[in-house]
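Presented below is the structure to which this report refers.
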Amino acid sequence: MNLTFCKKANYIKTLFFLLLIFVYPFQKISASDEISEKKETKTEAKHEGASSEKEKFNAGKVIIEHVVDNHEWHIAKFGETHVTIPLPVILIDNGKLITFCSSNFHHATQSYNGYIIAEEGKHKGKIVKVLEDGITIDESAAVPVDLSITKNVMSLFIGLFVLCAIFLSVARKYKKNNLRAPKGLQSMVEPLIIFVRDDIAKPSIGEKRYGKFMPFLLTIFFFIFINNLLGLIPFFPGGANLTGNIAITMVLAVFTFLITTFSTNKAYWTHIINTPGVPWWLKFPIPLMPIVEILGVFTKPFVLMVRLFANITAGHIIILSFTSLIFIFANINIGVGYGVSIISIIFNVFMGLLELLVAFLQAYVFTLLSAIYFGMAQVEHHHEEAHDHSA
Amino acid sequence: MELVTPGIGLIFWMTLSFAIVLFILAKYAWKPIMNMLHEREQFIENALSSADKAKQEMANLQSNNEQLLKEAKEERDALLRDARKVRENLIEEAKGKAQLEANKIVEQAKENIQFEKMNAITDLKNQLASLSVDIAERILRDELSNVEKQKEVINNLLKDIKFN
(Lines give C-alpha, C1' and ligand atoms only; values in the text may rest on other atoms or scores of the structure.)
Protein backbone atom coordinates (compact mmCIF):
# COMPACT_ATOMS: atom_id res chain seq x y z
CA MET A 1 0.00 0.00 0.00
CA ASN A 2 2.85 2.30 0.88
CA LEU A 3 4.44 1.59 -2.42
CA THR A 4 1.39 2.49 -4.45
CA PHE A 5 0.95 5.55 -2.35
CA CYS A 6 4.55 6.61 -3.04
CA LYS A 7 3.89 6.17 -6.71
CA LYS A 8 0.85 8.36 -6.46
CA ALA A 9 2.74 10.96 -4.47
CA ASN A 10 5.47 10.97 -7.06
CA TYR A 11 2.94 11.36 -9.77
CA ILE A 12 1.39 14.30 -8.01
CA LYS A 13 4.78 15.86 -7.44
CA THR A 14 5.48 15.59 -11.13
CA LEU A 15 2.16 17.20 -11.79
CA PHE A 16 2.91 20.05 -9.47
CA PHE A 17 6.32 20.51 -11.02
CA LEU A 18 4.84 20.61 -14.50
CA LEU A 19 2.35 23.09 -13.26
CA LEU A 20 5.02 25.35 -11.86
CA ILE A 21 6.71 25.27 -15.23
CA PHE A 22 3.38 26.15 -16.73
CA VAL A 23 2.54 28.99 -14.47
CA TYR A 24 5.97 30.51 -14.16
CA PRO A 25 5.96 32.01 -17.67
CA PHE A 26 2.59 33.61 -17.00
CA GLN A 27 3.88 35.28 -13.93
CA LYS A 28 6.83 36.43 -15.98
CA ILE A 29 4.42 37.69 -18.57
CA SER A 30 2.43 39.48 -15.93
CA ALA A 31 5.56 41.02 -14.50
CA SER A 32 6.62 42.24 -17.89
CA ASP A 33 3.07 43.38 -18.43
CA GLU A 34 3.29 45.56 -15.39
CA ILE A 35 6.46 47.05 -16.67
CA SER A 36 5.02 47.62 -20.09
CA GLU A 37 1.92 49.01 -18.47
CA LYS A 38 4.00 51.66 -16.76
CA LYS A 39 5.76 52.37 -19.97
CA GLU A 40 2.49 52.59 -21.76
CA THR A 41 0.97 54.97 -19.28
CA LYS A 42 3.90 57.18 -19.95
CA THR A 43 3.53 56.87 -23.67
CA GLU A 44 -0.23 57.21 -23.34
CA ALA A 45 0.20 60.56 -21.78
CA LYS A 46 2.27 61.49 -24.77
CA HIS A 47 0.16 59.95 -27.49
CA GLU A 48 -3.24 60.19 -25.85
CA GLY A 49 -3.98 56.77 -27.34
CA ALA A 50 -7.05 54.74 -26.62
CA SER A 51 -7.16 53.47 -23.07
CA SER A 52 -5.45 50.11 -22.96
CA GLU A 53 -6.41 49.69 -19.30
CA LYS A 54 -9.35 47.50 -20.15
CA GLU A 55 -7.39 45.34 -22.51
CA LYS A 56 -4.78 44.39 -19.93
CA PHE A 57 -5.00 40.91 -18.59
CA ASN A 58 -2.60 39.91 -15.86
CA ALA A 59 -2.82 36.12 -15.67
CA GLY A 60 -0.50 35.65 -12.71
CA LYS A 61 -2.35 38.23 -10.65
CA VAL A 62 -5.75 36.82 -11.53
CA ILE A 63 -4.70 33.28 -10.69
CA ILE A 64 -3.12 34.18 -7.37
CA GLU A 65 -6.14 36.31 -6.45
CA HIS A 66 -8.40 33.35 -7.11
CA VAL A 67 -6.26 30.98 -5.15
CA VAL A 68 -5.67 33.05 -2.02
CA ASP A 69 -8.15 34.20 0.58
CA ASN A 70 -10.27 37.27 0.10
CA HIS A 71 -12.41 39.57 2.19
CA GLU A 72 -15.26 39.37 -0.25
CA TRP A 73 -16.64 36.60 -2.37
CA HIS A 74 -16.23 37.67 -5.94
CA ILE A 75 -18.70 35.99 -8.28
CA ALA A 76 -18.60 37.82 -11.59
CA LYS A 77 -17.80 41.07 -13.27
CA PHE A 78 -20.15 42.62 -15.82
CA GLY A 79 -18.36 45.48 -17.49
CA GLU A 80 -17.31 47.59 -14.57
CA THR A 81 -19.76 46.14 -12.07
CA HIS A 82 -18.42 43.55 -9.72
CA VAL A 83 -20.91 41.04 -8.40
CA THR A 84 -19.66 40.07 -4.97
CA ILE A 85 -20.95 38.76 -1.70
CA PRO A 86 -19.74 41.16 0.98
CA LEU A 87 -18.45 39.42 4.08
CA PRO A 88 -18.06 40.71 7.63
CA VAL A 89 -14.71 42.08 8.70
CA ILE A 90 -13.77 41.36 12.31
CA LEU A 91 -10.62 42.99 13.60
CA ILE A 92 -8.96 43.03 16.97
CA ASP A 93 -6.88 46.19 17.12
CA ASN A 94 -5.17 47.01 20.39
CA GLY A 95 -7.64 44.88 22.29
CA LYS A 96 -10.65 46.50 20.64
CA LEU A 97 -13.11 44.50 18.59
CA ILE A 98 -13.96 46.25 15.35
CA THR A 99 -16.55 44.90 12.94
CA PHE A 100 -17.86 46.28 9.68
CA CYS A 101 -18.82 45.07 6.26
CA SER A 102 -16.14 44.37 3.71
CA SER A 103 -18.12 46.19 1.02
CA ASN A 104 -16.88 49.38 2.67
CA PHE A 105 -13.52 48.72 1.09
CA HIS A 106 -15.09 48.95 -2.37
CA HIS A 107 -13.19 45.95 -3.71
CA ALA A 108 -9.98 46.81 -1.93
CA THR A 109 -9.79 50.24 -3.51
CA GLN A 110 -10.75 52.49 -0.62
CA SER A 111 -9.94 52.76 3.04
CA TYR A 112 -12.59 52.61 5.72
CA ASN A 113 -12.41 53.56 9.35
CA GLY A 114 -8.65 53.90 9.10
CA TYR A 115 -8.14 50.45 7.58
CA ILE A 116 -7.33 49.35 4.08
CA ILE A 117 -6.51 46.11 2.32
CA ALA A 118 -2.87 46.33 1.37
CA GLU A 119 -2.29 45.85 -2.33
CA GLU A 120 1.45 45.69 -2.24
CA GLY A 121 4.25 44.98 0.19
CA LYS A 122 4.73 42.34 2.80
CA HIS A 123 1.16 42.62 4.11
CA LYS A 124 -0.34 42.18 0.66
CA GLY A 125 -3.96 41.11 0.91
CA LYS A 126 -4.12 41.82 4.63
CA ILE A 127 -6.04 44.55 6.37
CA VAL A 128 -3.64 47.23 7.60
CA LYS A 129 -3.96 50.66 9.14
CA VAL A 130 -3.68 53.74 6.98
CA LEU A 131 -2.52 57.20 7.77
CA GLU A 132 -5.03 60.00 7.86
CA ASP A 133 -4.79 60.65 4.15
CA GLY A 134 -6.60 57.33 3.62
CA ILE A 135 -4.12 55.91 1.13
CA THR A 136 -0.67 55.60 2.66
CA ILE A 137 -0.12 52.48 4.74
CA ASP A 138 0.85 53.22 8.31
CA GLU A 139 4.03 51.18 8.52
CA SER A 140 4.64 52.01 12.18
CA ALA A 141 1.27 50.77 13.47
CA ALA A 142 0.82 47.13 14.42
CA VAL A 143 -1.16 45.03 11.94
CA PRO A 144 -4.57 44.34 13.51
CA VAL A 145 -5.50 40.72 14.21
CA ASP A 146 -7.83 39.81 11.42
CA LEU A 147 -10.58 37.39 12.42
CA SER A 148 -12.79 38.31 9.49
CA ILE A 149 -15.22 35.90 7.97
CA THR A 150 -13.29 35.77 4.73
CA LYS A 151 -14.14 33.84 1.60
CA ASN A 152 -12.32 30.79 2.91
CA VAL A 153 -13.92 31.03 6.35
CA MET A 154 -17.31 31.27 4.69
CA SER A 155 -16.44 28.33 2.47
CA LEU A 156 -15.25 26.47 5.54
CA PHE A 157 -18.59 27.05 7.22
CA ILE A 158 -20.42 25.90 4.11
CA GLY A 159 -18.23 22.81 3.90
CA LEU A 160 -18.71 21.97 7.54
CA PHE A 161 -22.43 22.57 7.22
CA VAL A 162 -22.61 20.18 4.27
CA LEU A 163 -20.54 17.67 6.24
CA CYS A 164 -22.83 17.88 9.26
CA ALA A 165 -25.97 17.86 7.15
CA ILE A 166 -24.91 14.74 5.28
CA PHE A 167 -23.68 12.72 8.20
CA LEU A 168 -26.22 13.69 10.81
CA SER A 169 -29.01 12.77 8.41
CA VAL A 170 -27.21 9.56 7.49
CA ALA A 171 -26.73 8.77 11.18
CA ARG A 172 -30.44 9.29 11.74
CA LYS A 173 -31.17 6.92 8.89
CA TYR A 174 -28.85 4.35 10.41
CA LYS A 175 -30.68 4.57 13.70
CA LYS A 176 -34.06 4.27 12.04
CA ASN A 177 -33.16 1.80 9.33
CA ASN A 178 -31.17 -0.49 11.53
CA LEU A 179 -30.15 -3.88 10.13
CA ARG A 180 -31.58 -3.07 6.72
CA ALA A 181 -29.75 -2.49 3.47
CA PRO A 182 -28.60 1.15 3.13
CA LYS A 183 -30.76 3.49 1.08
CA GLY A 184 -30.23 6.79 -0.71
CA LEU A 185 -27.52 9.02 0.71
CA GLN A 186 -26.69 6.31 3.18
CA SER A 187 -25.74 3.89 0.43
CA MET A 188 -23.58 6.59 -1.15
CA VAL A 189 -21.47 7.26 1.91
CA GLU A 190 -21.44 3.78 3.39
CA PRO A 191 -18.86 2.36 0.97
CA LEU A 192 -16.59 5.30 1.79
CA ILE A 193 -17.07 4.83 5.52
CA ILE A 194 -16.29 1.14 5.16
CA PHE A 195 -13.34 2.01 2.91
CA VAL A 196 -11.92 4.30 5.60
CA ARG A 197 -12.49 1.66 8.23
CA ASP A 198 -11.36 -1.48 6.42
CA ASP A 199 -8.72 -0.15 4.05
CA ILE A 200 -7.27 2.75 6.01
CA ALA A 201 -7.82 2.37 9.74
CA LYS A 202 -7.70 -1.37 10.26
CA PRO A 203 -4.49 -2.18 8.37
CA SER A 204 -2.64 0.94 9.58
CA ILE A 205 -3.65 1.04 13.22
CA GLY A 206 -4.56 -2.54 13.97
CA GLU A 207 -7.72 -4.47 14.53
CA LYS A 208 -7.84 -3.77 18.25
CA ARG A 209 -7.16 -0.07 18.53
CA TYR A 210 -8.57 1.46 15.37
CA GLY A 211 -11.94 2.20 16.97
CA LYS A 212 -11.01 5.29 18.94
CA PHE A 213 -9.36 6.94 15.91
CA MET A 214 -12.28 6.33 13.60
CA PRO A 215 -14.20 9.56 14.39
CA PHE A 216 -11.18 11.71 13.57
CA LEU A 217 -10.19 9.72 10.48
CA LEU A 218 -13.73 9.80 9.10
CA THR A 219 -14.05 13.50 9.84
CA ILE A 220 -10.82 14.50 8.10
CA PHE A 221 -11.49 12.17 5.20
CA PHE A 222 -14.91 13.60 4.49
CA PHE A 223 -13.88 17.14 5.39
CA ILE A 224 -11.06 17.08 2.85
CA PHE A 225 -13.08 15.20 0.26
CA ILE A 226 -16.14 17.45 0.47
CA ASN A 227 -14.12 20.64 0.51
CA ASN A 228 -11.98 19.44 -2.39
CA LEU A 229 -15.15 18.84 -4.36
CA LEU A 230 -16.64 22.17 -3.32
CA GLY A 231 -13.42 23.79 -4.49
CA LEU A 232 -13.95 22.33 -7.93
CA ILE A 233 -17.31 24.04 -8.34
CA PRO A 234 -16.46 27.29 -10.10
CA PHE A 235 -19.26 29.40 -8.59
CA PHE A 236 -20.66 30.21 -5.18
CA PRO A 237 -20.93 28.20 -2.88
CA GLY A 238 -17.86 26.46 -4.24
CA GLY A 239 -14.76 27.78 -5.84
CA ALA A 240 -12.86 28.74 -2.74
CA ASN A 241 -9.44 27.17 -2.55
CA LEU A 242 -10.07 25.97 0.99
CA THR A 243 -8.15 22.70 1.20
CA GLY A 244 -5.44 24.42 -0.84
CA ASN A 245 -5.03 26.99 1.88
CA ILE A 246 -2.04 26.45 4.09
CA ALA A 247 -3.86 27.57 7.23
CA ILE A 248 -6.48 24.86 6.77
CA THR A 249 -3.99 22.11 6.04
CA MET A 250 -1.88 23.32 8.94
CA VAL A 251 -4.75 23.00 11.38
CA LEU A 252 -5.56 19.54 10.06
CA ALA A 253 -1.92 18.49 10.34
CA VAL A 254 -1.72 19.90 13.87
CA PHE A 255 -4.77 17.88 14.82
CA THR A 256 -3.10 14.75 13.48
CA PHE A 257 0.13 15.67 15.26
CA LEU A 258 -1.61 16.24 18.58
CA ILE A 259 -3.61 13.03 18.38
CA THR A 260 -0.47 11.11 17.42
CA THR A 261 1.48 12.61 20.32
CA PHE A 262 -1.24 12.04 22.88
CA SER A 263 -1.78 8.43 21.89
CA THR A 264 1.86 7.38 22.06
CA ASN A 265 3.09 4.60 24.27
CA LYS A 266 6.45 3.96 25.85
CA ALA A 267 7.71 1.85 22.96
CA TYR A 268 7.22 4.81 20.62
CA TRP A 269 9.51 7.07 22.60
CA THR A 270 12.04 4.30 23.12
CA HIS A 271 11.94 3.85 19.39
CA ILE A 272 12.78 7.52 18.90
CA ILE A 273 15.40 7.99 21.59
CA ASN A 274 17.04 4.60 21.33
CA THR A 275 16.19 3.35 17.89
CA PRO A 276 16.53 -0.42 17.85
CA GLY A 277 18.47 -2.12 15.10
CA VAL A 278 20.80 0.81 14.52
CA PRO A 279 24.58 0.66 15.22
CA TRP A 280 25.46 2.23 18.58
CA TRP A 281 27.85 4.76 17.09
CA LEU A 282 24.91 6.44 15.38
CA LYS A 283 23.46 7.12 18.79
CA PHE A 284 26.19 7.55 21.33
CA PRO A 285 28.76 10.33 20.95
CA ILE A 286 26.63 12.37 18.61
CA PRO A 287 22.94 11.36 18.93
CA LEU A 288 22.43 11.32 15.19
CA MET A 289 19.54 8.88 15.03
CA PRO A 290 17.59 10.47 17.89
CA ILE A 291 17.92 13.85 16.21
CA VAL A 292 16.69 12.44 12.91
CA GLU A 293 13.84 10.63 14.65
CA ILE A 294 12.77 13.70 16.61
CA LEU A 295 12.90 15.77 13.45
CA GLY A 296 10.77 13.09 11.86
CA VAL A 297 8.11 13.61 14.49
CA PHE A 298 7.65 17.15 13.22
CA THR A 299 8.32 16.64 9.55
CA LYS A 300 5.53 14.07 9.28
CA PRO A 301 2.70 16.53 10.00
CA PHE A 302 4.58 19.21 8.08
CA VAL A 303 4.63 17.01 5.01
CA LEU A 304 0.92 16.32 5.47
CA MET A 305 0.28 20.04 5.53
CA VAL A 306 2.36 20.81 2.45
CA ARG A 307 1.13 17.88 0.39
CA LEU A 308 -2.55 18.72 0.62
CA PHE A 309 -1.94 22.44 0.20
CA ALA A 310 0.31 21.99 -2.83
CA ASN A 311 -1.85 19.43 -4.58
CA ILE A 312 -5.09 21.32 -4.31
CA THR A 313 -3.57 24.70 -5.05
CA ALA A 314 -1.80 23.15 -8.02
CA GLY A 315 -5.08 21.86 -9.39
CA HIS A 316 -6.73 25.23 -9.03
CA ILE A 317 -3.77 26.99 -10.63
CA ILE A 318 -3.73 24.63 -13.61
CA ILE A 319 -7.43 25.08 -14.29
CA LEU A 320 -7.15 28.85 -13.92
CA SER A 321 -4.09 28.85 -16.17
CA PHE A 322 -5.92 27.10 -18.96
CA THR A 323 -8.77 29.55 -18.57
CA SER A 324 -6.35 32.48 -18.53
CA LEU A 325 -4.78 31.25 -21.75
CA ILE A 326 -8.00 32.20 -23.54
CA PHE A 327 -7.76 35.81 -22.35
CA ILE A 328 -4.06 36.07 -22.95
CA PHE A 329 -4.55 35.05 -26.55
CA ALA A 330 -7.71 37.13 -26.84
CA ASN A 331 -5.64 40.12 -25.87
CA ILE A 332 -3.48 39.46 -28.89
CA ASN A 333 -6.35 38.71 -31.21
CA ILE A 334 -10.01 37.95 -30.56
CA GLY A 335 -10.05 35.16 -33.14
CA VAL A 336 -7.04 33.46 -31.64
CA GLY A 337 -8.76 33.77 -28.28
CA TYR A 338 -11.80 31.89 -29.55
CA GLY A 339 -9.56 29.29 -31.15
CA VAL A 340 -7.57 28.76 -27.99
CA SER A 341 -10.77 28.58 -25.94
CA ILE A 342 -11.64 25.25 -27.59
CA ILE A 343 -8.31 23.74 -26.59
CA SER A 344 -8.51 25.34 -23.17
CA ILE A 345 -11.94 23.92 -22.52
CA ILE A 346 -10.81 20.46 -23.58
CA PHE A 347 -7.87 20.71 -21.23
CA ASN A 348 -10.07 22.06 -18.48
CA VAL A 349 -12.46 19.17 -18.84
CA PHE A 350 -9.54 16.80 -18.61
CA MET A 351 -8.15 18.65 -15.61
CA GLY A 352 -11.56 18.73 -13.98
CA LEU A 353 -11.75 14.96 -14.23
CA LEU A 354 -8.21 14.63 -12.95
CA GLU A 355 -9.03 16.97 -10.09
CA LEU A 356 -11.98 14.79 -9.17
CA LEU A 357 -9.53 11.95 -8.80
CA VAL A 358 -7.10 14.14 -6.90
CA ALA A 359 -9.90 15.33 -4.61
CA PHE A 360 -10.49 11.75 -3.56
CA LEU A 361 -6.84 10.77 -3.64
CA GLN A 362 -5.71 13.59 -1.39
CA ALA A 363 -8.44 12.89 1.13
CA TYR A 364 -7.35 9.25 1.04
CA VAL A 365 -3.65 10.04 1.36
CA PHE A 366 -4.13 12.49 4.22
CA THR A 367 -6.33 10.03 6.10
CA LEU A 368 -4.09 7.08 5.35
CA LEU A 369 -0.95 8.87 6.53
CA SER A 370 -2.71 10.10 9.65
CA ALA A 371 -3.80 6.54 10.34
CA ILE A 372 -0.26 5.26 9.77
CA TYR A 373 1.09 7.85 12.21
CA PHE A 374 -1.51 6.83 14.77
CA GLY A 375 -0.48 3.24 14.23
CA MET A 376 3.17 4.15 14.67
CA ALA A 377 2.40 6.04 17.86
CA GLN A 378 1.63 2.71 19.45
CA VAL A 379 4.39 0.50 18.15
CA GLU A 380 4.12 -2.94 19.56
CA HIS A 381 6.98 -4.72 21.20
CA HIS A 382 7.36 -7.45 18.62
CA HIS A 383 7.82 -4.71 16.09
CA GLU A 384 11.16 -3.86 17.63
CA GLU A 385 12.22 -7.45 17.65
CA ALA A 386 11.46 -7.60 13.97
CA HIS A 387 13.78 -4.65 13.54
CA ASP A 388 16.46 -6.46 15.49
CA HIS A 389 16.15 -9.47 13.27
CA SER A 390 16.46 -7.45 10.13
CA ALA A 391 19.49 -5.63 11.48
CA MET B 1 4.31 34.89 0.04
CA GLU B 2 0.65 35.38 0.75
CA LEU B 3 0.01 31.92 -0.61
CA VAL B 4 2.18 30.15 1.94
CA THR B 5 1.54 32.37 4.95
CA PRO B 6 -1.24 30.94 7.07
CA GLY B 7 -3.75 33.61 8.05
CA ILE B 8 -4.51 33.99 11.74
CA GLY B 9 -8.21 34.43 11.14
CA LEU B 10 -8.53 31.29 9.09
CA ILE B 11 -6.51 29.29 11.62
CA PHE B 12 -8.76 30.59 14.37
CA TRP B 13 -12.03 29.82 12.62
CA MET B 14 -10.78 26.50 11.30
CA THR B 15 -9.58 25.29 14.69
CA LEU B 16 -12.75 26.38 16.42
CA SER B 17 -15.27 25.17 13.89
CA PHE B 18 -13.40 22.00 13.00
CA ALA B 19 -13.12 21.04 16.66
CA ILE B 20 -16.83 21.65 17.17
CA VAL B 21 -17.78 19.71 14.06
CA LEU B 22 -15.41 16.91 15.01
CA PHE B 23 -17.08 16.72 18.40
CA ILE B 24 -20.62 16.84 17.00
CA LEU B 25 -19.93 14.28 14.31
CA ALA B 26 -18.04 11.99 16.67
CA LYS B 27 -20.92 12.00 19.09
CA TYR B 28 -23.98 12.16 16.88
CA ALA B 29 -22.82 10.69 13.59
CA TRP B 30 -19.77 8.46 13.71
CA LYS B 31 -20.61 6.69 16.90
CA PRO B 32 -24.11 5.57 15.86
CA ILE B 33 -22.95 4.89 12.31
CA MET B 34 -20.02 2.74 13.38
CA ASN B 35 -22.14 0.95 15.96
CA MET B 36 -24.91 0.27 13.49
CA LEU B 37 -22.48 -0.89 10.84
CA HIS B 38 -20.92 -3.23 13.32
CA GLU B 39 -24.28 -4.42 14.50
CA ARG B 40 -25.47 -4.99 10.97
CA GLU B 41 -22.34 -6.88 10.06
CA GLN B 42 -22.79 -9.01 13.14
CA PHE B 43 -26.42 -9.55 12.22
CA ILE B 44 -25.56 -10.59 8.68
CA GLU B 45 -22.82 -12.84 9.97
CA ASN B 46 -25.22 -14.46 12.39
CA ALA B 47 -27.90 -14.80 9.77
CA LEU B 48 -25.49 -16.45 7.39
CA SER B 49 -24.13 -18.82 9.97
CA SER B 50 -27.62 -19.75 11.15
CA ALA B 51 -28.64 -20.33 7.56
CA ASP B 52 -25.63 -22.58 7.22
CA LYS B 53 -26.60 -24.36 10.37
CA ALA B 54 -30.16 -24.78 9.15
CA LYS B 55 -28.85 -26.19 5.89
CA GLN B 56 -26.65 -28.58 7.80
CA GLU B 57 -29.55 -29.61 9.97
CA MET B 58 -31.72 -30.07 6.95
CA ALA B 59 -29.10 -32.32 5.40
CA ASN B 60 -28.81 -34.21 8.65
CA LEU B 61 -32.55 -34.55 8.82
CA GLN B 62 -32.68 -35.81 5.28
CA SER B 63 -29.99 -38.38 5.89
CA ASN B 64 -31.80 -39.33 9.09
CA ASN B 65 -34.97 -39.75 7.15
CA GLU B 66 -33.23 -41.87 4.62
CA GLN B 67 -31.74 -43.94 7.39
CA LEU B 68 -35.14 -44.34 8.94
CA LEU B 69 -36.69 -45.28 5.66
CA LYS B 70 -33.99 -47.80 5.04
CA GLU B 71 -34.42 -49.27 8.47
CA ALA B 72 -38.16 -49.41 8.05
CA LYS B 73 -37.77 -51.18 4.76
CA GLU B 74 -35.38 -53.63 6.26
CA GLU B 75 -37.72 -54.27 9.12
CA ARG B 76 -40.60 -54.79 6.79
CA ASP B 77 -38.58 -57.20 4.75
CA ALA B 78 -37.54 -59.04 7.86
CA LEU B 79 -41.12 -59.19 9.04
CA LEU B 80 -42.32 -60.47 5.72
CA ARG B 81 -39.59 -63.06 5.66
CA ASP B 82 -40.49 -64.16 9.18
CA ALA B 83 -44.14 -64.28 8.34
CA ARG B 84 -43.46 -66.40 5.32
CA LYS B 85 -41.35 -68.74 7.36
CA VAL B 86 -44.00 -68.98 10.02
CA ARG B 87 -46.61 -69.71 7.47
CA GLU B 88 -44.52 -72.35 5.87
CA ASN B 89 -43.81 -73.85 9.24
CA LEU B 90 -47.45 -73.81 10.10
CA ILE B 91 -48.41 -75.50 6.91
CA GLU B 92 -45.65 -78.02 7.36
CA GLU B 93 -46.74 -78.72 10.87
CA ALA B 94 -50.35 -78.91 9.91
CA LYS B 95 -49.47 -81.27 7.15
CA GLY B 96 -47.50 -83.47 9.52
CA LYS B 97 -50.25 -83.47 12.04
CA ALA B 98 -52.84 -84.30 9.46
CA GLN B 99 -50.72 -87.12 8.19
CA LEU B 100 -50.32 -88.43 11.68
CA GLU B 101 -53.99 -88.21 12.36
CA ALA B 102 -54.80 -89.85 9.11
CA ASN B 103 -52.37 -92.60 9.84
CA LYS B 104 -53.88 -93.07 13.26
CA ILE B 105 -57.35 -93.20 11.83
CA VAL B 106 -56.30 -95.69 9.23
CA GLU B 107 -54.57 -97.77 11.90
CA GLN B 108 -57.61 -97.69 14.07
CA ALA B 109 -59.79 -98.58 11.16
CA LYS B 110 -57.53 -101.46 10.34
CA GLU B 111 -57.63 -102.66 13.91
CA ASN B 112 -61.37 -102.41 13.93
CA ILE B 113 -61.61 -104.28 10.71
CA GLN B 114 -59.36 -107.01 12.11
CA PHE B 115 -61.41 -107.19 15.21
CA GLU B 116 -64.63 -107.31 13.31
CA LYS B 117 -63.17 -109.89 11.03
CA MET B 118 -62.06 -112.02 13.97
CA ASN B 119 -65.46 -111.66 15.49
CA ALA B 120 -67.06 -112.63 12.27
CA ILE B 121 -64.75 -115.61 11.86
CA THR B 122 -65.37 -116.77 15.41
CA ASP B 123 -69.04 -116.32 14.86
CA LEU B 124 -68.85 -118.23 11.65
CA LYS B 125 -66.79 -120.96 13.33
CA ASN B 126 -69.24 -121.23 16.13
CA GLN B 127 -72.18 -121.36 13.74
CA LEU B 128 -70.33 -123.84 11.60
CA ALA B 129 -69.59 -125.99 14.64
CA SER B 130 -73.15 -125.95 15.83
CA LEU B 131 -74.33 -126.54 12.27
CA SER B 132 -71.92 -129.44 11.94
CA VAL B 133 -73.05 -130.89 15.25
CA ASP B 134 -76.65 -130.47 14.13
CA ILE B 135 -75.95 -132.12 10.86
CA ALA B 136 -73.97 -134.82 12.56
CA GLU B 137 -76.76 -135.36 15.05
CA ARG B 138 -79.27 -135.56 12.28
CA ILE B 139 -77.12 -137.90 10.27
CA LEU B 140 -76.48 -139.98 13.32
CA ARG B 141 -80.10 -140.05 14.09
CA ASP B 142 -80.80 -141.15 10.59
CA GLU B 143 -78.03 -143.67 10.56
CA LEU B 144 -78.76 -145.15 13.83
CA SER B 145 -82.40 -145.48 13.46
CA ASN B 146 -82.19 -149.21 12.86
CA VAL B 147 -80.21 -151.76 14.69
CA GLU B 148 -78.51 -153.12 11.67
CA LYS B 149 -76.93 -150.05 10.74
CA GLN B 150 -75.78 -149.51 14.23
CA LYS B 151 -74.14 -152.83 14.20
CA GLU B 152 -72.45 -152.12 10.89
CA VAL B 153 -71.08 -148.88 12.13
CA ILE B 154 -69.88 -150.45 15.22
CA ASN B 155 -68.26 -153.06 13.15
CA ASN B 156 -66.62 -150.58 10.88
CA LEU B 157 -65.37 -148.73 13.76
CA LEU B 158 -64.18 -151.78 15.38
CA LYS B 159 -62.33 -152.69 12.26
CA ASP B 160 -60.50 -149.50 12.23
CA ILE B 161 -59.39 -149.96 15.66
CA LYS B 162 -56.30 -152.04 15.78
CA PHE B 163 -55.22 -153.53 18.78
CA ASN B 164 -51.65 -153.50 19.38
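What the table shows:
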read-out	value
Region A:71-87, residues that are of a type outside the set (Lys, Arg) and either open to solvent by 60 Å² or more (accessible area, probe 1.4 Å) or under 16 Å from A:Gln110 (Cβ atoms) (or both)	A:His71, A:Glu72, A:His74, A:Ile75, A:Phe78, A:Glu80, A:Thr81, A:His82, A:Thr84, A:Pro86
Some residue of region B:100-123 being within 30 Å of A:Leu179 (Cα to Cα) and either in contact with a Gly (Cβ under 9 Å, 6 or more places away or on another chain) or at pLDDT 90 or above (or both)	no
Members of region A:329-367 found to be more than 30 Å from A:Arg307 (Cα to Cα) and either of a type in the set (Asp, Glu) or in contact with a helix residue (DSSP H, G or I) (Cβ under 8 Å, 6 or more places away or on another chain) (or both), listed by number	A:Phe329, A:Ala330, A:Asn331, A:Val336, A:Gly337, A:Tyr338, A:Gly339, A:Val340, A:Ser341
Residue satisfying all of: in region A:116-132; part of a strand (DSSP E or B) and within 14 Å of another protein chain (Cβ to nearest Cβ); most open to solvent (accessible area, probe 1.4 Å) among these	A:Ile117
Checking A:Lys183 against (1) away from chain B (no Cβ under 11 Å); (2) assigned to a loop (DSSP other than H, G, I, E, B); (3) modelled with pLDDT of 85 or more, the condition it does not meet	(3)
Residue check for A:Ile127: assigned by TED's automatic domain parsing to the domain that holds A:Glu65, within 30 Å of A:Pro234 (Cβ to Cβ) and of a type in the set (A, V, I, L, M, F, W, C)	yes
Scope region A:217-257; condition within 11 Å of another protein chain (Cβ to nearest Cβ) and over 26 Å from A:Thr150 (Cα atoms); matching residues	A:Leu217, A:Leu218
Qualifying residue in region A:366-384 (condition: in contact with a Phe, Trp or Tyr (Cβ under 6 Å, 6 or more places away or on another chain) and modelled with pLDDT of 90 or more)	yes
Lone qualifier among B:Leu37, B:Leu3, B:Leu10 - being open to solvent by less than 50 Å² (accessible area, probe 1.4 Å), in contact with a helix residue (DSSP H, G or I) (Cβ under 6 Å, 6 or more places away or on another chain) and not basic (Lys, Arg)	B:Leu10
Unique match (being surrounded by 10 or more Cβ atoms within 10 Å (Cβ to Cβ) and touching a Pro at 6+ places or on another chain (Cβ under 7 Å)) among B:Ala26, B:Ala19, B:Ala54	B:Ala26
A:Ser103 vs. criteria within 20 Å of A:Val68 (Cα to Cα) and part of a helix (DSSP H, G or I)	yes
Which listed residue is at the interface with another protein chain (Cβ under 7 Å from one of its Cβ atoms) and either in a helix (DSSP H, G or I) or of a type in the set (Ser, Thr, Tyr) (or both), from B:Ala19, B:Ala29	B:Ala29
Failed condition for A:Thr275, given (1) more than 25 Å from B:Val21 (Cα to Cα); (2) β-branched (Val, Ile, Thr); (3) not in a loop (DSSP other than H, G, I, E, B)	(3)
Members of region A:140-180 that are facing another protein chain (nearest Cβ under 7 Å) and more than 19 Å from A:Ile248 (Cβ to Cβ)	A:Phe167, A:Leu168, A:Val170, A:Ala171, A:Tyr174, A:Lys175, A:Asn178, A:Leu179
Selection within region A:133-145 - touching a His at 6+ places or on another chain (Cβ under 9 Å) and assigned to a strand (DSSP E or B)	A:Ile137
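The values are calculated or read from the model by the stated rules, or taken from the named source; none is laboratory data. The model shown is predicted, which means the values in this text are computed figures rather than measured ones. In this analysis, Cβ positions are derived from the backbone assuming ideal geometry, glycine residues included, and neighbour counts consider all displayed protein chains. Note: accessible area is taken over every heavy atom of the protein model, side chains too, but ligands, DNA and RNA are not part of it. Shrake-Rupley method; radii C 1.70, N 1.55, O 1.52, S 1.80 Å.
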